[in-house]
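Encoded as structure tokens, the structure appears first; notes follow it.
The values are calculated or read from the model by the stated rules, or taken from the named source; none is laboratory data. All values derive from a computational prediction rather than experimental measurement. Neighbour counts are summed over all protein chains in view; Cβ atoms, including those assigned to glycine, are modelled from backbone coordinates with ideal geometry. For accessibility, only protein heavy atoms count, side chains too; no ligands or nucleic acids. Shrake-Rupley method; radii C 1.70, N 1.55, O 1.52, S 1.80 Å.
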Amino acid sequence: MSAMLQPQIILLKEGTDTSQGKPQLVSNINACTAVADVVRTTLGPRGMDKLIHDDKGAVTISNDGATIMKLLDIVHPAAKILVDIAKSQDSEVGDGTTTVVLLAAEFLREAKPFIEDGVHSQNLIRSYRAASTLAIEKIKELAVSIEGKSLEEKKSLLAKCASTTLSSKLIGGEKEFFASMVVDAVIAIGNDDRLNMIGIKKVPGGTMRDSFLVNGVAFKKTFSYAGFEQQPKKFLNPKILLLNVELELKSEKENAEIRLSDPSQYQSIVDAEWNIIYDKLDKCVNSGAKVVLSRLAIGDLATQYFADRDIFCAGRVTEEDLKRVAAATGGTVQTSVNNIIEEILGTCEVFEERQVGNERFNIFNGCPSGQTATIVLRGGADQFIEEAERSLHDAIMIVRRALKNSTVVAGGGAIDMEISRYLRQHARTIAGKSQLFINSYAKALEVIPRQLCDNAGFDATDVLNKLRQKHALPSGEGAPYGVDIATGGIADSFANFVWEPAIVKINAINAATEAACLILSVDETIKNPKSESAQGDAAASAMGRGRGGGFRGRGRGMRR
């Protein structure tokens with residue numbers, strides 16, 4: 001009787017929403033699967049693109065997993081984890097963003113029946129972590145090194161990696177053209193880790209084939225004054241002066257006050273202003289520089305002055321471009337024109353101003369330190385060029401990673417099938433439930449070749465059966481076989497040069513397993529009522545203010 005009269009204990013604020021236990025876990029898994037279904041069709045060379053239209057009216061066409069995940073604006077707390085792993089894969093290796101989301105969702109999909117049957121999620125997590133360790137060891141074992149090759153061989157191997165990445169992008173039709181361009185750009189910056197040393201400039205118009213690579217720096221012509229057209233537009237081996245100085249007449253501050261006792265003194269003050277600017281310009285000319293670039297404005301007087309002395313000048317150059325010019329030409333950006341010595345001037349083989357589409361570009365070619373490169377992208381529509389830029393970013397990241405971690409694995413779903421086979425085999429040696437869990441992990445890895453087939457319109461079951469049979473051969477000769485997108489059969493991915501850096505797969509499996517384990521370990525979600533009602537309250541109060549306080553309480557004397 002006393003047990004029945006126990007008072008109810010209230011821990012959480014009224015209105016707090018809590019959901020826990022098995023239904024909560026299954027709901028989280030369903031949310032993640034729904035997110036993965038959005039990017040599922042973008043995988044591979046025959047992947048479709050997504051058109052995303054945001055509230056500001058901006059339109060983005062992309063098939064890059066990370067870009068789509070960022071733009072989706074997902075609110076479900078568990079599904080947000082998939083957005084985070086896509087972003088981390090993008091910043092770490094640049095490619096494989098769709099792969100990582102698909103793998104994480106597939107691991108969860110395979111875990112769902114076990115959870116519904118009452119298996120404790122910690123058992124699943126333990127087995128998944130063990131399977132991921134085994135998978136990564138197997139990738140390292142199967143990876144082929146490209147170390148010790150000559151530069152030409154290395155270039156062609158890196159171009160194969162870049163082609164594999166670009167084949168699934170919008171510019172896949174011209175993948176060989178862009179792959180060699182990307183490899184040249186990455187090799188040009190050498191060991192420099194800063195990605196912004198490779199500039200990508202977009203010029204609408206023309207065709208993709210009109211894009212070109214500058215082994216140096218190129219930037220759009222900046223705002224210029226009248227005398228600009230009289231300046232020479234091409235120099236051979238010029239000296240380049242880089243400034244962060246304003247070269248124009250400075251007007252006095254509005255409240256400046258000068259008291260004169262004699263009207264004739266007024267002229268000397270005006271002359272002093274002119275002398276200051278002429279002194280600055282003389283120092284620039286005497287330095288021997290033929291090209292003067294400044295981050296701040298170069299006025300009409302200075303432009304004409306330089307034109308009369310056959311010197312090219314450009315003001316208001318963006319900071320990023322100025323830094324890249326400094327890195328390429330070996331110059332140093334100066335904040336003063338005093339004491340300009342030979343050592344701080346940069347140089348290049350050829351400087352020219354060239355017309356690209358309806359834009360004019362200042363191009364510095366043959367730079368001595370050569371630690372920068374610029375890709376000038378051409379194309380029909382703005383959205384198309386934007387997507388081409390994102391695609392090239394992925395390819396650049398992949399080539400950089402392949403240079404640093406010089407091991408590659410077979411693409412086209414070959415490595416996924418081989419790990420899947422290896423894990424199934426390993427699972428048979430384990431007694432207990434974890435045999436089932438590792439088997440389900442192995443099955444989940446098959447999502448990559450299956451999706452490649454589905455996206456290309458092939459019979460996935462038929463192709464996967466062929467792949468399983470090939471990979472099961474005891475001699476191990478079937479290990480590099482993956483989906484052949486051209487014929488709808490299977491082919492040796494290594495022989496077809498469908499390669500990807502091992503680091504991409506290792507990172508994807510690591511991140512996907514971690515995300516799946518994280519979601520499986522959550523068994524309760526608590527929603528604070530304040531966070532939900534805060535937006536509603538804010539909207540209501542704004543509405544009240546808008547109607548002249550129409551929501552005030554009843555005044556005294558009002559009828560109830």
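Odds and ends about this structure:
- Filter result for Lys234 (open to solvent by 20 Å² or more (accessible area, probe 1.4 Å) and closer than 20 Å to Glu349 by Cα): yes
- The number of residues in segment 26-84 that are more than 19 Å from His393 (Cβ to Cβ) and in a strand (DSSP E or B) comes to 3.
- Close contacts from segment 140-155, counting a first residue that is closer than 30 Å to Tyr422 by Cα and a second that is part of a loop (DSSP other than H, G, I, E, B), with Cβ to Cβ under 8 Å and a gap of 6+ residues or different chains, come to Leu142/Ala479; Val144/Phe494; Ser145/Ser406; Ile146/Ser406; Glu147/Ser406.
- Meets criteria (in contact with a Pro (Cβ under 6 Å, 6 or more places away or on another chain) and either polar (S, T, N, Q) or at pLDDT 85 or above (or both)) for Phe351: yes
Results for (1) open to solvent by 30 Å² or more (accessible area, probe 1.4 Å); (2) at positive phi; (3) part of a loop (DSSP other than H, G, I, E, B), shown as yes or no for each residue.
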| position | (1), (2), (3) |
| --- | --- |
| Ile438 | no, no, no |
| Ala442 | no, no, no |
| Thr461 | yes, no, no |
| Leu473 | yes, no, yes |
| Gly478 | no, no, yes |
| Val483 | no, no, no |
| Ile490 | yes, no, no |
| Phe494 | yes, no, yes |
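- So Phe223, is it among the aromatic types (Phe, Trp, Tyr), under 22 Å from the mean Cα position of the chain (by Cα) and over 19 Å from Glu387 (Cβ atoms): no
- On the stretch given as segment 173-225, residues that are over 29 Å from Asp49 (Cα atoms), open to solvent by 20 Å² or more (accessible area, probe 1.4 Å) and in a strand (DSSP E or B) total 1.
- Whenever a residue of segment 179-195 is closer than 22 Å to Ser167 by Cβ, its partners that are at pLDDT below 85 and of a type in the set (D, E, K, R), lying with C-beta atoms within less than 6 angstrom and at least six residues away or across chains, give the pairs Val183/Lys155; Val186/Arg400.
- Taken over segment 156-172, residues that are free of Cβ contacts under 8 Å to residues at least 12 places away in the same chain and either over 18 Å from Thr407 (Cβ atoms) or open to solvent by 60 Å² or more (accessible area, probe 1.4 Å) (or both) amount to 0.
- Residues of segment 374-426 satisfying the condition of being in a helix (DSSP H, G or I) and β-branched (Val, Ile, Thr): Ile385, Ile396, Ile398, Val399, Ile415, Ile419
- Pairs meeting the criteria (first residue in segment 515-534 and at pLDDT 85 or above, second residue part of a loop (DSSP other than H, G, I, E, B), beta carbons under 8 Å, at least 6 apart or on different chains) are Ile519/Ala78; Val522/Ala78.
- Top-ranked residue in segment 496-513 [being on the phi < 0 side of the Ramachandran plot and outside any helix (DSSP H, G or I); ranked as surrounded by the fewest Cβ atoms within 10 Å (Cβ to Cβ)]: Asn496
- Hey, Thr429 open to solvent by 50 Å² or more (accessible area, probe 1.4 Å), of a type outside the set (A, V, I, L, M) and not in a helix (DSSP H, G or I) or not: yes
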